[in-house]
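The values are calculated or read from the model by the stated rules, or taken from the named source; none is laboratory data. Predicted model only: the values in this text are computed from it and were never measured. Here the Cβ is made from the backbone with ideal geometry for all residues, glycine too, and neighbour counts use every protein chain on show.
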Amino acid sequence: MAHFDHNAKPFSEKWLDERLAVKTLRRVLAEEYWIPKDINFLWAMGMILAVTFGLLTISGIFLLMYYKPDVALAFDSVNYTIMQEVGYGWLFRHIHGVAASVVFLIIYIHMFTGIYYGSYKQGREMIWISGMLLFVTFSAEAFSGYMLPWGQMSYWAGMVITNLFSAGSLELNAVVEWIRGDYVPGDAYLTRFFMLHVLLLPLVIIGIIVLHFGTLRIPHVNNQEGAEIDFDEEAKKYLAGNTQEAKVIRFQWDFLSKDFMVLGFFLILFFYLTFYHFAFAMDPVNFDPADGLKTPAHIYPEWYFLWSYEILRPFPKDPGLIAFAFSQVIFVLLPFLDRSPNAVPAHKRPMFFIWFWLLLIDMILLTFMGKLPPEGMFSTIGLWSAIAFIVLWIALPFITKNEKKI
């Protein structure tokens with residue numbers, strides 16, 4: 001039973017520790033949270049994602065002060081009020097737009113790092129699954145945010161994506177109308193997506209981030225060679241002063257110093273893009289006000305959705321929806337589809353190494369094809385790239401099943 005010092009000064013460290021176990025939390029989550037020593041800069045992507053989410057949140061709060069979730073006012077509130085009338089409003093919009101795009105680049109790097117190094121195997125399945133839940137919620141957050149400027153591409157991309165809920169030949173149009181709040185995107189639609197973007201989805205994201213960090217704490221972080229580490233024994237070496245021999249380092253401050261170095265380089269790149277090359281994160285078509293009577297020549301989502309959009313597009317209605325649903329679910333099932341007993345890097349697994357690079361190249365190709373008009377040679381390349389994606393995932397259990405234990 002804890003002993004309480006009733007004479008302790010209010011708000012002192014001891015006062016907080018008696019009530020919130022601050023020292024215990026710091027010891028468990030930082031001082032005695034052990035990280036493998038032999039990991040590279042790719043393991044810093046989690047920290048970069050957390051900081052980028054912070055930038056999105058802070059810039060989003062400033063934008064929220066002036067944004068009007070009304071179809072008659074939304075476009076001007078973004079492109080006139082925020083960009084021209086509010087002091088440094090342009091800066092916060094640029095930060096928000098660039099962060100919304102860059103965060104997905106970091107997520108994809110983080111995902112493929114996990115796949116390459118087998119960070120979803122041997123008790124780490126929940127790390128992967130919680131990470132994929134974060135990917136899904138970030139995708140929903142990005143889509144809902146893309147609606148808010150109420151430009152042409154916002155309106156028509158929203159029209160196309162919400163039409164997916166009609167489930168093809170089932171023609172569940174009532175479901176689509178329920179989501180939109182009307183026959184076509186309008187005021188109710190914009191208000192609903194505004195609520196999702198600024199309240200509900202951020203709360204869900206924060207909850208899953210806590211879950212993701214919790215899953216990381218129990219089985220420990222994977223390492224660059226996939227070697228089994230006795231964390232208790234290695235920690236004893238470290239605490240005994242044999243820091244050179246120990247295969248682990250503390251999370252605080254040893255590992256954090258590596259994280260901060262990589263984060264520093266990232267922030268230099270991020271603010272360079274924010275000030276000088278922000279246009280890549282803003283579609284020119286979206287600078288025209290939404291017009292339900294004027295369809296853009298070519299409708300497409302943001303770049304980070306293009307690969308899954310291209311899996312949907314080449315097929316007829318129902319097969320396309322099935323292929324799209326397949327692409328959204330299949331990554332979550334990776335720990336169960338990879339039947340290999342090995343949790344080592346891909347370069348130590350020859351067949352899996354080939355599979356990994358084929359998948360990565362195919363997804364890059366799908367991304368490029370998704371931005372191009374679906375005609376002629378582009379349509380053919382997109383179709384075969386989509387088929388290749390599906391075949392690669394179906395082949396994975398057979399490729400990995402007969403791998404010998406390393």
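Table for the structure above
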quantity: Qualifying position, being assigned to a helix (DSSP H, G or I), under 25 Å from Ala157 (Cβ atoms) and without any contact (Cβ under 8 Å) to a residue 12 or more places away in the chain, among Thr367, Thr380; calculated: Thr380
quantity: Filtered residues of region 56-91 (kept if within 17 Å of Phe270 (Cα to Cα) and either in contact with a His (Cβ under 8 Å, 6 or more places away or on another chain) or of a type in the set (D, E, K, R) (or both)); calculated: Leu56, Ser59, Gly60
quantity: Filter result for the condition that a residue is more than 25 Å from Ile39 (Cβ to Cβ), touching a residue at least 24 places away in the same chain (Cβ under 8 Å) and either out of contact with any Lys or Arg (no Cβ under 6 Å at 6 or more places or on another chain) or exposed (fewer than 15 other Cβ atoms within 10 Å of the Cβ) (or both), over Arg349, Arg339; calculated: Arg339
quantity: Residue check, Leu366 in contact with an Asp or Glu (Cβ under 6 Å, 6 or more places away or on another chain), under 24 Å from Thr137 (Cβ atoms), hydrophobic (A, V, I, L, M, F, W, C) and at pLDDT 90 or above; calculated: yes
quantity: Residue count, region 136-179 (criterion: aromatic (Phe, Trp, Tyr) and surrounded by fewer than 18 Cβ atoms within 10 Å (Cβ to Cβ)); calculated: 2
quantity: Residue ID - farthest from Ala100 (Cα to Cα), chosen from residues in region 156-179 that are without any contact (Cβ under 8 Å) to a residue 40 or more places away in the chain and of a type in the set (Val, Ile, Thr); calculated: Val175
quantity: Count of residues meeting criterion [touching a residue at least 40 places away in the same chain (Cβ under 8 Å) and under 19 Å from the mean Cα position of the chain (by Cα)] in region 311-335; calculated: 9
quantity: The listed residue being in contact with an Asp or Glu (Cβ under 8 Å, 6 or more places away or on another chain) and either among the β-branched types (Val, Ile, Thr) or within 30 Å of His347 (Cβ to Cβ) (or both), out of Ile229, Ile205, Ile268; calculated: Ile205
quantity: Where Ala8 falls short, out of the listed (1) in contact with a Lys or Arg (Cβ under 6 Å, 6 or more places away or on another chain); (2) modelled with pLDDT of 90 or more; calculated: (2)
quantity: Residue check for Leu360: of a type outside the set (Gly, Ala, Ser), part of a helix (DSSP H, G or I) and surrounded by 15 or more Cβ atoms within 10 Å (Cβ to Cβ); calculated: no
quantity: Leu306 being of a type outside the set (Ser, Thr, Tyr) and within 22 Å of the chain's Cα centre (by Cα); calculated: yes
quantity: Some residue of region 180-189 being of a type in the set (Gly, Ala, Ser), surrounded by fewer than 18 Cβ atoms within 10 Å (Cβ to Cβ), touching a residue at least 40 places away in the same chain (Cβ under 8 Å) and out of contact with any Ser or Thr (no Cβ under 8 Å at 6 or more places or on another chain); calculated: yes
quantity: Answer residue from region 232-259, given it is among the aromatic types (Phe, Trp, Tyr) and within 29 Å of the chain's Cα centre (by Cα) and is farthest from Met45 (Cα to Cα) among those; calculated: Trp253
quantity: Answer residue from region 274-310, given it is in a helix (DSSP H, G or I) and free of Cβ contacts under 8 Å to residues at least 12 places away in the same chain and is farthest from Leu190 (Cα to Cα) among those; calculated: Tyr276
quantity: Selection from region 81-120 of residues that are surrounded by fewer than 20 Cβ atoms within 10 Å (Cβ to Cβ) and either assigned to a loop (DSSP other than H, G, I, E, B) or in contact with a strand residue (DSSP E or B) (Cβ under 8 Å, 6 or more places away or on another chain) (or both); calculated: Val86, Gly87, Tyr88
quantity: Filter result for Ser119 (at pLDDT below 95 and under 17 Å from the mean Cα position of the chain (by Cα)); calculated: yes
quantity: Some residue of region 67-76 being assigned to a helix (DSSP H, G or I) and of a type in the set (Lys, Arg); calculated: no
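Okay, residues lined up against (1) of a type in the set (Gly, Ala, Ser); (2) under 30 Å from Tyr33 (Cα atoms); (3) surrounded by 19 or more Cβ atoms within 10 Å (Cβ to Cβ):
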site: Val262; (1), (2), (3): no, yes, no
site: Leu267; (1), (2), (3): no, yes, no
site: Tyr272; (1), (2), (3): no, no, no
site: Asp291; (1), (2), (3): no, no, no
site: Pro296; (1), (2), (3): no, no, no
site: Gly320; (1), (2), (3): yes, no, no
